[in-house]
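The values are calculated or read from the model by the stated rules, or taken from the named source; none is laboratory data. It should be emphasised that the depicted structure is a prediction, and the values quoted were computed from it without experimental measurement. Cβ: placed from backbone, ideal geometry, glycine included. Neighbour counts: every protein chain shown.
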């Protein structure tokens, strides 16, 4: 009997073959459990690395600098951190989709939470145009503490 041929009466009487997803074995293809997810995560990692390097080229060779050798954009120092967190997240995503074990799942989720927390900090700092260092610390510290306790 195929799944399409199950009638309503069979469903009510519980007379259909039951397959539990936990009993199915994962077929490894090219040493990976989910090769498409691994490939797309690796592609995202490569693109993120390219953008990260391009940002440094732009920052040091093409942007105008103040007399004190800083850029006019106040948040220039935060974007490399965002790039590192993004690359870390995509790396652990590729590893997790390659081998789904408890450790890789925790590392994947933890890196994603760290990236989301930092994205939230950047969003608040840019939305409210916070230029004062004390205000940045007052906003960032509770979010960093929350994200850290969530990860641990």
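Observations on the structure shown:
- If you go through the range 95-135 and pick out every residue that is crowded, with 17+ Cβ neighbours inside 10 Å and either over 18 Å from residue 80 (Cα atoms) or more than 17 Å from the chain's Cα centre (by Cα) (or both), you end up with 10.
- Among the helices (runs of 4 or more DSSP H) confined to the range 33-127, the ones with at least 2 residues that are in contact with a helix residue (DSSP H, G or I) (Cβ under 6 Å, 6 or more places away or on another chain), modelled with pLDDT of 90 or more and under 19 Å from residue 147 (Cα atoms) are located at 79-98, 102-127.
- Of all residues in the range 68-94, exactly one satisfies the criterion of being without any contact (Cβ under 8 Å) to a residue 24 or more places away in the chain and within 16 Å of the chain's Cα centre (by Cα), namely 92.
- Of note, residue 145 satisfies the criterion of being exposed (fewer than 12 other Cβ atoms within 10 Å of the Cβ) and at pLDDT 90 or above.
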